[in-house]
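All remarks here apply to the structure that follows.
The numbers here are math on the coordinates, done by the rules we state, and not lab data. Remember, it's a predicted structure, so these values are computed and weren't measured experimentally. Ideal geometry is used to build each Cβ from the backbone, glycine not excepted, and the neighbour counts take in all protein chains shown.
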Amino acid sequence: MKVSVLMLVSGFPVLLLCAGTHSFGQTKAAAGDGVSPYFTVQPHPGDTLYYIGFRTMALSAPGLDHSIVDPSGSDANFKILPGSTPDDLKMTTSARIEGKFQVENAPYELRDHGDTECFQGKCYPEHSATAMVAKASVWGLPAGPLHRGMSWTTDISYAWEFGPPGKQTIRVISVDAEDGTVILTRDGEGDGPRDQAGSTSTVMKGGKPYTVSVKRGHTHWSGKAIIEHGLIVSDECLSDAEVELSSPEFGTVRGRERMFMAIMQHPEAFEY
């Protein structure tokens, strides 16, 4: 079972994140580069980041009782260690998923500009719905200076936490050059299962539980994020997938699988 200290990893409930009161600091852009100040982090060893958030998944279909699957909330402290670079953040973390998981001062690392996550000596592709850093594999890297109203299209080449491979449009809502902050929205779609999506689930009908097989079709997702010098300060995402639920006792119905998450800045450390 994969345990991710970042976002909403399949197979284990979420540990949601938001940037804390300390900052990685500003990034100097290359000559003529209007993108780097917003998408590149400059880690400061000794800084600590604080994060909090939640995730919920709900299945619905005609005739079903309301089914909420895997609601969870979590928080984490991250201390930046010497040797960190913009593409390889070395940290220790103390974190918990309320009522389910807790760890203190565990080694944690984000490599490849956030696309690889290493926790307690094991590394995985980082395919969560969001991350501590603004991953190019999610947000893309636009050409030229950022400005309000500009947009670009990115290809998500892998199944991720909230959806299948697909295309999404990124749009700039606002840019603050003084703070190095950009507000972006994402809107995408694709077909097929999300990352590590279970092929079965338990639903309720007339107060009775049923184990059903789950087939996923078209998924649409959208969200909005604030990025400051390469760090995700806050992020929210909602996905809505077509599903087919079936079992010999239950029959077959078509419904929806909705997933939503949010992360947000927290001003102080958590006690563990």
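In this simple spin-label approximation, E236 and S157 carry label points 7 Å from Cα along the Cα→Cβ vector, and these lie 3.2 nm apart. For S174 and A269, a Förster radius of 30 Å and the Cβ-Cβ distance give a FRET efficiency of 0.50, rounded to the nearest 0.05.
Each peptide in 239-252, 179-192 was scored by the mean count of other Cβ atoms within 10 Å over its residues; highest first, the order is 179-192, 239-252.
Put a dot 7 Å past the Cα of K100, heading toward its Cβ, do the same for D87, and the two dots end up 3.4 nm apart.
Calculated mean residue ellipticity, 222 nm, the chain: -500 deg cm²/dmol, from DSSP H runs (n ≥ 4) at -39500 (n - 2.57) each, averaged per residue and rounded to 500. Between the stretch 85-105 and the stretch 178-196, what's the alpha-carbon centroid distance in Å? The stretch 85-105 and the stretch 178-196 have Cα centres spaced 23 Å from each other.
Taking 32 Å as the limit for the C-alpha separation, the pairs K135/K215; K79/K167; K122/K224; K79/K224; K100/K224; K100/K205 exceed it in the case of K79/K167.
Counting only C-alpha contacts under 8 Å and six or more residues apart, can you give the relative contact order of the stretch 83-185 as a whole percent?
Once divided by the residue count of the stretch 83-185, the mean separation gives 15 percent.
Ordering C123, C118, C237 by the number of other Cβ atoms within 10 Å of each residue's own Cβ, fewest first, gives C123, C118, C237.
Dipole of the chain computed with +1 at Lys/Arg Cβ and -1 at Asp/Glu Cβ about the Cα centre; of T211, A95, S84, farthest Cα towards the positive end is T211.
Rounded to 0.05, the FRET efficiency of the K208 and I68 pair, given R0 = 22 Å and the Cβ-Cβ distance, is 0.85. One entry in [x] 66, 46, 33; [y] 52, 45, 27; [z] 64, 43, 28 is Cα extents along the principal axes in Å calculated from the shown coordinates; its label is [z]. Projected label points at R254 and A143, each 7 Å from Cα along the beta carbon direction, are separated by 4.1 nanometres.
Averaging the sequence gap over all C-alpha pairs within less than 8 Å and six or more residues apart, then dividing by the number of residues, gives the stretch 36-265 a relative contact order of 20 percent.
For Y124 and A58, the difference between the fully extended length at 0.36 nm per residue and the C-alpha to C-alpha distance is 21.1 nm.
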